[in-house]
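The structure appears right after this line, and notes come after that.
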Amino acid sequence: MVKKIRDIEKDYPKRQFIAKIRRLADALESGREFRIQVAGERIIIPEDATINIEHERGRSVEEIEFQLKWKTK
């Protein structure tokens, strides 16, 4: 199955964001894959995904991104 290329940024209420991050932390701690749905698409992040934190600074805004990257099959 060929997946379409996409680049989506989705805002969540703080409570939902916390719940998602908590589920992610639990999956990482236990060495399990993580499943999440973003903008209607279900995504499975493998347990061996690379994890990094990115910081960007502009003139009037700063951004922190917690990233998980993995090779598609």
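The values are calculated or read from the model by the stated rules, or taken from the named source; none is laboratory data. Note that this is a predicted model, so its numbers are computed, not measured. Glycine also receives a Cβ, built like all others from the backbone with ideal geometry; neighbour counts cover every protein chain displayed.
Taking the stretch 12-21 as the region of interest, how many residues are under 17 Å from Gln67 (Cβ atoms) and out of contact with any strand residue (DSSP E or B) (no Cβ under 7 Å at 6 or more places or on another chain)? Of the residues in the stretch 12-21, 3 are under 17 Å from Gln67 (Cβ atoms) and out of contact with any strand residue (DSSP E or B) (no Cβ under 7 Å at 6 or more places or on another chain).
Within the stretch 28-54, the residues that satisfy the criterion of being aliphatic (A, V, I, L, M) and farther than 16 Å from Tyr12 by Cβ are Leu28, Ile44, Ile45, Ala49, Ile51, Ile53. Of everything in the stretch 37-47 that is of a type in the set (A, V, I, L, M) and closer than 14 Å to Leu68 by Cβ, the residue that is modelled with the lowest pLDDT is Val38. Close contacts from the stretch 29-57, counting a first residue that is at positive phi and a second that is surrounded by 12 or more Cβ atoms within 10 Å (Cβ to Cβ), with Cβ to Cβ under 8 Å and a gap of 6+ residues or different chains, come to Gly31/Glu47. Please go through the stretch 22-36 and give me each residue that is under 15 Å from Leu68 (Cβ atoms) and either polar (S, T, N, Q) or touching a Phe, Trp or Tyr at 6+ places or on another chain (Cβ under 8 Å) (or both), ordered by number. Scanning the stretch 22-36 gives Arg23, Leu24, Ala27, Leu28. Tell me yes or no: at least one residue of the stretch 53-68 is in contact with a Lys or Arg (Cβ under 9 Å, 6 or more places away or on another chain) and among the polar types (S, T, N, Q). No, that holds for no residue.
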